[in-house]
């Protein structure tokens, strides 16, 4: 999305910002692709909880109602409201600043294929670019060099091939102790 918004999209942004603010949420992103406006809302930075389906539904209903009152705006756009998810896209400097301390994957533009993908801990982000700590070194990357970026969620260790979850083994139950002792007695 370019930094220049149409007047209609600016009206959608204003309406969404007011609604999510009233609900104690943040507008994470707003993007128009084709005839659909994609609205991404999140909990405030540093919050331990995530956005609930009920919250997303409420934002959509309130926004629908607000835009209906403003006339023909909804006939121009379809709306989709979602959360950024655990592996979230990073498109703006404020997205990167929010994720400092986390692992990110960045795809660079106009670079040789071997150097095109970089992954590491995001240690700093400002208005010009980011600083990433990789396994090899620390690297500063300008936003103009970034083609795509996202956070990386650590899902935990993957089982080794052939060593997946163990199936419960069924063995015949041993007879109770009384029966075992009775069987050992000889007349």
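Per this entry, residue 47 is counted among residues that are without any contact (Cβ under 8 Å) to a residue 12 or more places away in the chain and surrounded by fewer than 15 Cβ atoms within 10 Å (Cβ to Cβ). Tallying residues that are in a loop (DSSP other than H, G, I, E, B) and surrounded by fewer than 14 Cβ atoms within 10 Å (Cβ to Cβ) within region 24-44 yields 4.
As for region 112-130, it holds at least one residue that is surrounded by 15 or more Cβ atoms within 10 Å (Cβ to Cβ), out of contact with any strand residue (DSSP E or B) (no Cβ under 6 Å at 6 or more places or on another chain) and in a strand (DSSP E or B).
Okay, residues lined up against (1) under 30 Å from residue 154 (Cβ atoms); (2) modelled with pLDDT of 90 or more:
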{"residue": "1", "(1), (2)": "yes, no"}
{"residue": "11", "(1), (2)": "no, no"}
{"residue": "28", "(1), (2)": "yes, yes"}
{"residue": "36", "(1), (2)": "no, no"}
{"residue": "58", "(1), (2)": "no, yes"}
{"residue": "65", "(1), (2)": "no, no"}
{"residue": "78", "(1), (2)": "no, no"}
{"residue": "102", "(1), (2)": "yes, yes"}
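On the basis of being part of a helix (DSSP H, G or I) and in contact with a helix residue (DSSP H, G or I) (Cβ under 7 Å, 6 or more places away or on another chain), does residue 67 make the cut? For residue 67, the condition - part of a helix (DSSP H, G or I) and in contact with a helix residue (DSSP H, G or I) (Cβ under 7 Å, 6 or more places away or on another chain) - is met. List the pairs whose first member sits in region 1-23 and is assigned by TED's automatic domain parsing to the domain that holds residue 69, whose second member is at pLDDT below 80 and loosely packed, with under 14 Cβ neighbours inside 10 Å, and whose Cβ atoms are under 8 Å apart, counting only residues at least 6 apart or on separate chains? Qualifying pairs under 8 Å: 11/70; 15/70. Go through the residues of region 130-141 one by one and say whether even a single one is in contact with a helix residue (DSSP H, G or I) (Cβ under 8 Å, 6 or more places away or on another chain) and modelled with pLDDT of 95 or more. There is at least one residue in region 130-141 that is in contact with a helix residue (DSSP H, G or I) (Cβ under 8 Å, 6 or more places away or on another chain) and modelled with pLDDT of 95 or more.
Of all residues in region 131-157, those satisfying the criterion of being within 24 Å of residue 84 (Cβ to Cβ) and surrounded by 13 or more Cβ atoms within 10 Å (Cβ to Cβ) are 131, 132, 133, 141, 143, 145, 146, 148, 149, 150, 151, 152.
Considering only region 97-111, state which residues are assigned to a loop (DSSP other than H, G, I, E, B) and touching a residue at least 24 places away in the same chain (Cβ under 8 Å). Matches in region 97-111: 99, 100, 102, 109, 110, 111.
Here's the yes/no breakdown for (1) within 15 Å of residue 98 (Cβ to Cβ); (2) without any contact (Cβ under 8 Å) to a residue 24 or more places away in the chain:
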site: 120; (1), (2): no, yes
site: 123; (1), (2): yes, yes
site: 130; (1), (2): yes, no
site: 146; (1), (2): no, no
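The values are calculated or read from the model by the stated rules, or taken from the named source; none is laboratory data. What you see is a predicted model; the values in this text were computed from it and never measured. Using ideal geometry, Cβ is built from the backbone for each residue, glycine included, and neighbour counts are taken over all protein chains shown.
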